[in-house]
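Chemist: Right, I'll just put the structure down here and ask away after.
The values are calculated or read from the model by the stated rules, or taken from the named source; none is laboratory data. No experiment lies behind these values; they were computed from the predicted model shown. Backbone-built Cβ (ideal geometry, glycine too); neighbour counts: all protein chains shown. Protein only, heavy atoms only, side chains kept; ligands, DNA and RNA dropped before computing areas. Shrake-Rupley method; radii C 1.70, N 1.55, O 1.52, S 1.80 Å.
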Amino acid sequence: MTPSTTRRSIGPTRRPSRRDLLRTASAIAAGAAVAACTDPDSGGSGSGSGTLSVGLFEIPVGYAPLYSNSQNVRWVTEPATDALYTHDTAGKLVPQLAAAPPAAGPGGVSWTVRLRPGVRFHNGDELTAEHVAAGLNFIPGSRGRSQFLSLLSPWFKQAVAVDPTTVRIELRMPYGILPDQLARIPVSHKDFMAEKAELVGTGPFRIDKVVTGQSMRMVRFDGYWGEKPALRAIEMTSVPDPSTRLVNLREGRIHIATGVQPVDVAGIRRDTSLRLHAVQGTGGVRAMMNLTRRPFDRPDFRRALAFAMDREGVREAVFHGRARTAQGPLGPLVTGHEPDYRPYPERADLDRAAELLTRSGIPRNTTFRIMVSTSGAARDIAQVLAENWGRLGLKVSLDVADPANWNRRWLVRDYDMSLTVQEYGLVGGVMPLSQFTVYRTASRQNPGYRDAAYDRDFVRLFGTAPEAERARIAARLNRALTENAVELPPVYPELLMATRAEVSGVDEKALTLGRLNLRGIRIGG
């Protein structure tokens with residue numbers, strides 16, 4: 001393994017900048033930390049220490065934590081970053097880099113956070129309010145480059161460093177779930193946050209070596225302010241093929257295999273050297289239609305698709321039973337989910353679908369395409385749905401795009417129907433932030449849905465504090481999207497992961513929110 005080639009060297013004729021000096025200090029601190037500890041690869045068995053090896057779908061080329069809240073980036077960067085708040089094993093919000101719960105100002109349009117003293121970044125710099133404020137201001141100020149925009153942009157005005165240990169967050173309108181959202185925004189060094197391949201955080205591990213796009217090695221940060229992890233190092237490796245990840249797990253080359261395929265569950269359970277971790281998370285299948293294009297501008301046509309969908313067929317054929325059939329955007333763990341709300345059948349009702357198709361005025365030989373990514377289960381789901389809708393006489397084909405192109409086209413609504421599998425908990429926790437934000441009239445990604453009552457309820461949902469009121473409003477918004485067939489997820493999949501039997505401390509509560517928490521992992525005793 002070779003060091004990352006993403007760092008720039010300092011030439012002999014150029015005067016070192018502030019950033020260059022910070023990088024040099026970070027490298028010196030990293031070397032000192034390595035010299036101060038024993039070989040990270042030794043003494044793992046029976047002690048809980050050693051190196052944990054994790055097989056992931058990919059190691060992203062860009063891993064600056066404030067640019068992306070995608071699962072691939074978050075799982076790689078979480079060992080090295082902290083947030084102002086976090087959730088304990090019971091799901092309760094507790095301070096992390098903050099010293100106390102946030103204090104709401106008059107009218108709920110400002111919040112004040114006091115910082116924990118004595119916290120240092122991996123390069124030795126002290127955490128101050130300037131770093132926190134810079135990160136929060138970066139999100140809406142990055143001109144769309146940050147995927148954290150949905151967390152803040154409709155509500156956020158600015159963050160101000162009142163003094164070295166106090167941050168004031170000013171809002172345009174009340175945002176009742178802001179404390180919870182602050183647990184989802186990583187804090188990084190203000191001089192590195194704009195660099196896509198830099199990470200200087202405050203977490204219990206720091207980056208040691210990176211092979212671009214292939215692997216990332218982190219070692220324990222001995223200057224960490226909090227509880228020290230048992231592990232000495234974490235090695236994360238890109239293994240795109242899930243079958244290869246499972247083979248590597250069985251052979252002991254890795255300790256954790258993420259993204260287990262449902263078809264492999266039975267075999268894992270029979271293998272006494274492995275452990276299966278299966279959770280019903282907040283994730284789901286995002287099946288969006290472009291309402292600005294014919295035939296999706298016709299509500300009866302969309303409802304015809306909803307009645308012709310074989311949800312049970314998708315659950316069995318694609319997920320081998322490791323999913324729940326779906327009705328609307330909100331899954332079982334999400335605020336506003338109603339388990340008894342079932343406007344559409346589990347199996348296709350082609351007679352009812354044919355009635356709606358006729359009423360819509362759309363001919364049976366109409367063609368459209370489902371845009372899917374080259375990776376994941378989306379293609380298999382789309383194929384089943386295409387067969388379902390083909391029984392109505394519709395001609396449905398797949399529009400396969402690589403992940404980067406898929407994202408670009410989705411952002412500019414260049415699709416008939418788009419389909420992907422997502423872990424919403426990374427963004428909203430149990431609140432339906434990702435599911436609902438896109439359907440606001442003001443959203444740039446809105447697929448053509450316009451409803452003034454929806455916009456009003458959206459503001460109330462995220463501005464109000466009482467949980468019971470939130471649940472009622474969220475359920476109403478979910479019904480609006482479902483009954484108008486604006487979004488049609490067929491299932492809510494489980495999140496599946498496998499580990500070696502000697503691995504303990506897996507945080508399944510974090511998994512339900514789409515997070516891979518490696519801090520408490522131990523190997524052996």
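Chemist: Residue 456 versus residue 355, label points 7 Å from Cα toward the beta carbon: distance in nm?
Modeler: 3.2 nm
Chemist: If you stretched the chain out fully between residue 100 and residue 263, how much longer would it get, using 0.36 nm times the residue separation minus the C-alpha to C-alpha distance?
Modeler: Extra length available between residue 100 and residue 263 comes to 54.1 nm.
Chemist: Something else about it: Mind ordering 104-117, 441-454 by average Cβ neighbours within 10 Å, highest first?
Modeler: 104-117, 441-454
Chemist: Figure the gain on full extension for residue 173 and residue 89 (residue separation times 0.36 nm, minus the Cα-Cα span) and round it to one decimal in nm.
Modeler: Result: 27.1 nm gained on full extension.
Chemist: Report, to the nearest 10°, how far helix 452-463 tilts away from the longest principal axis of the Cα atoms in the chain, using its own Cα long axis and a range of 0 to 90°.
Modeler: Compared with the principal axis, the helix lies near 30 degrees.
Chemist: Here's something else I'd like to know. So how much slack lies between residue 241 and residue 312, counting 0.36 nm per residue of separation and subtracting their Cα-Cα distance, in nm?
Modeler: 22.9 nm is the gain from fully extending residue 241 to residue 312.
Chemist: Next question. Using θ = phi - 60° and the Karplus form 6.51 cos²θ - 1.76 cosθ + 1.60, what ³J(HN,Hα) does each residue of region 326-332 get, whole Hz, x for Gly and Pro?
Modeler: For region 326-332, the Karplus curve yields 10, 10, x, x, 8, x, x Hz.
Chemist: Something else now. For a test of understanding, tell me how many lysine pairs in the chain have Cα atoms under 23 Å apart, given they are 8 or more places apart or on different chains.
Modeler: Close lysine pairs under the 23 Å cut-off: 7.
Chemist: Would you mind telling me the share, in percent, of accessible area of region 97-254 contributed by carbon and sulfur at probe 1.4 angstrom?
Modeler: Carbon with sulfur: 48 percent of the solvent-accessible area.
Chemist: Now, a different point. Give me the 1.4 Å probe accessible area per residue for region 371-525, excluding ligands and nucleic acids, in Å².
Modeler: Per-residue value: 37 Å².
Chemist: Quick check: with the 1.4 Å probe, what order do 342, 500, 519 take by accessible area, largest first?
Modeler: Greatest to least solvent exposure: 342, 519, 500.
Chemist: Provide the per residue accessible area, probe 1.4 Å, for region 90-143, rounded to a whole number of square angstrom.
Modeler: Heavy-atom accessible area per residue stands at 46 Å².
Chemist: Shifting gears a bit: Put 173, 236 in order of accessible area, largest first, 1.4 Å probe: what do you get?
Modeler: From most accessible down to least: 173, 236.
Chemist: Return the long-range amide H neighbours of residue 162 (sequence gap of 5 or more, or a different chain), with a cut-off of under 5 Å between placed amide H atoms.
Modeler: Distant-sequence amide H within range of residue 162: 167, 168.
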